[in-house]
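The values are calculated or read from the model by the stated rules, or taken from the named source; none is laboratory data. Remember, predicted model here, so these are calculated numbers, not experimental data. With ideal geometry, Cβ positions are generated from the backbone for all residues, glycine too; neighbour counts draw on all protein chains shown. Ligands, DNA and RNA are stripped out before the accessible areas are found, and what is left, the full protein with its side chains, is counted by its heavy atoms. Shrake-Rupley method; radii C 1.70, N 1.55, O 1.52, S 1.80 Å.
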Amino acid sequence: MTKQLEEISENFGTNELVRTNTHNKNLSRFATKINQLIQLYKQNQQSVERREMELKQEITNISHDLRTPLTSIKGFSELLTDPSISEGEKKEFLEIIQKKIDNLTMIVDLFYELSQLDSSDKKLTMEKQSLDQIVVESMLMFYEDFEKEQLQVQLVEESVPPILADNKATVRIVTNIIQNALTYAKSYLKISFVEEEEYIRLRAVNDVEKIDAAKLQQIFNRTYRLDSSRTGTHLGLGLHIVQQLVNKQGGKAVANVRDNEFIMEVSFRKWD
């Protein structure tokens, strides 16, 4: 057994375990416990390696999505120094720069929120909330974006019972769902509510390019993108934050695809 442990330590990438033909029950149990420790260590090693790969992917995504708006800001800032450009062009370039700065601010905000999700100092205040009102107010904030993207927006305005939730967290959940639709929807976004016995379910549906249904389980991963060619604030963080905030409030978030429609459903607990 000692010799086997030495070989396992020297070649830890193997799947070898300690083997013994002993009839001594105590020694046999001892070998079993050693093997359990070996398996746990290997599982932890695999988890660390997987996390390192995910971290590298996150850094790649972050670098790419920060570089894009920064490059635009630098380019248009340099154009502003050209004495031959008109006042109209200056105004147009300044508006573009401002939008890119807003884009960068949003990315930084997402990372800050992500860092706070697991913080012991970040406490949710669970209170009575009007989900339908939060959705309406959030939709109005993105009115110009819907117009710009030429998205047809349909909101089933029906009164639903209040929910038990944290206001800021719920606003962020709804906002991230809308932003995800703005990023990937082709022509429309439909939002409706479904009342269940213990939950109020927010259902958001938008048309998209073809999605591999088998990859839907990755949709809430921090590093996942529906379309890796897209740039901006589409790091995969938006829906990851949605899922984390929903889970913290005792609800659940699921995604599905049917006939080139992306369906996002978030359940909130009812207010008693």
Restricting the stretch 112-136 to residues that are in contact with a helix residue (DSSP H, G or I) (Cβ under 8 Å, 6 or more places away or on another chain) and modelled with pLDDT of 90 or more, which is farthest from Asn206 (Cα to Cα)?
Glu127
Checklist (1) farther than 20 Å from Val257 by Cβ; (2) of a type in the set (A, V, I, L, M); (3) open to solvent by 20 Å² or more (accessible area, probe 1.4 Å) applied to Ala165, failing item
(3)
Need the failing condition index for Lys190 against (1) farther than 16 Å from Gln133 by Cβ; (2) open to solvent by less than 40 Å² (accessible area, probe 1.4 Å), just the number.
(2)
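Any idea which of Ser63, Ser84, Ser115 is part of a loop (DSSP other than H, G, I, E, B) and farther than 26 Å from Leu189 by Cβ? Break it down stepwise before answering.
Values: Ser63 fails: part of a loop (DSSP other than H, G, I, E, B); Ser115 fails: part of a loop (DSSP other than H, G, I, E, B).
Checking each option against the conditions leaves just Ser84.
Conditions (1) hydrophobic (A, V, I, L, M, F, W, C); (2) loosely packed, with under 14 Cβ neighbours inside 10 Å, marked per residue:
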| position | (1), (2) |
| --- | --- |
| Ser77 | no, yes |
| Asp82 | no, yes |
| Phe93 | yes, no |
| Ile107 | yes, no |
| Leu140 | yes, yes |
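Look at Thr175 and say whether it is free of Cβ contacts under 8 Å to residues at least 60 places away in the same chain, surrounded by 12 or more Cβ atoms within 10 Å (Cβ to Cβ) and either farther than 26 Å from Lys128 by Cα or not charged (D, E, K, R) (or both).
yes
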Taking only the stretch 1-27 into account, find how many residues are of a type in the set (S, T, N, Q), assigned to a helix (DSSP H, G or I) and surrounded by 13 or more Cβ atoms within 10 Å (Cβ to Cβ).
1
Any idea which residue in the stretch 30-64 is nearest to Leu104 (Cα to Cα), counting only those that are open to solvent by less than 100 Å² (accessible area, probe 1.4 Å) and among the hydroxyl-bearing types (Ser, Thr, Tyr)?
Ser63
Counting just the residues of the stretch 258-272 that are part of a loop (DSSP other than H, G, I, E, B) and of a type in the set (Asp, Glu), which one comes out modelled with the highest pLDDT?
Asp259
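Across the stretch 254-269, what is the number of residues that are among the small types (Gly, Ala, Ser) and open to solvent by 10 Å² or more (accessible area, probe 1.4 Å)?
Restricting attention to the stretch 254-269, the residues satisfying the condition of being among the small types (Gly, Ala, Ser) are 255, 267.
With the extra rule that they be open to solvent by 10 Å² or more (accessible area, probe 1.4 Å), the set shrinks to 255.
Number of matching residues: 1.
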